[in-house]
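Working notes, beginning with the structure itself.
Here, each number is a calculation from the coordinates, and none is a lab measurement. Remember, it's a predicted structure, so these values are computed and weren't measured experimentally. No Cβ is skipped: glycine too gets one built from the backbone with ideal geometry, and neighbour counts run over all protein chains shown.
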Amino acid sequence: MTSYFRPLLLATLLAPFIVLSAAAVFIEEKLDDPAQEARAREISGEIRCLVCQNQSILDSNADLAKDLRQIVRERISFGDTDEEVRRYLVDRYGDWVLLNPPFKMTTLFLWLGPVLIFLLGAFAMIVFLRNRNRVVEGEGSSKLSAAEETEIEQLLKSDKSGKNS
């Protein structure tokens, strides 16, 4: 078996165990009421893991995500509505804790940042390509004098013949 297939085989054999270990995280956190558990999972899917940053706390195995899932379940068991649970987390961690933060002045950069970065990159690329084309076309280069051209020709001839003048 080639060394190329060994990692693939190992990953295939270990995949079921990884999936089962991820599901095992949630067994100890379940609420008794299925409706409340469904609400807790829905809310947890909308809350950002503060450690992983690109995952919801529902998908993350980080300790902080586990703590946040527990907070969500506690707030639901206290009788909070979904909006009250979200507001509690936002008051504690800020709008950034939401995977889909509201559009307002404090989150303006979250929404417009990627667009601004793209536009700046496009502008930089246009400027770079324009400058590169000018140099290639000869606008930015200076012409050699007749004496310099003669000296270059002599150097090239001497290099071809193997002699130095």
**Item:** Exclusive hit being outside any helix (DSSP H, G or I) and either in contact (Cβ under 8 Å) with a residue 60 or more places away in the chain or under 20 Å from Leu31 (Cβ atoms) (or both), set Asp67, Asp59
**Value:** Asp59
**Request:** Could you list, in sequence order, all residues of region 38-49 that are surrounded by 16 or more Cβ atoms within 10 Å (Cβ to Cβ) and in contact (Cβ under 8 Å) with a residue 24 or more places away in the chain?
**Result:** Arg39, Ala40, Ile43, Ser44, Glu46, Ile47, Arg48
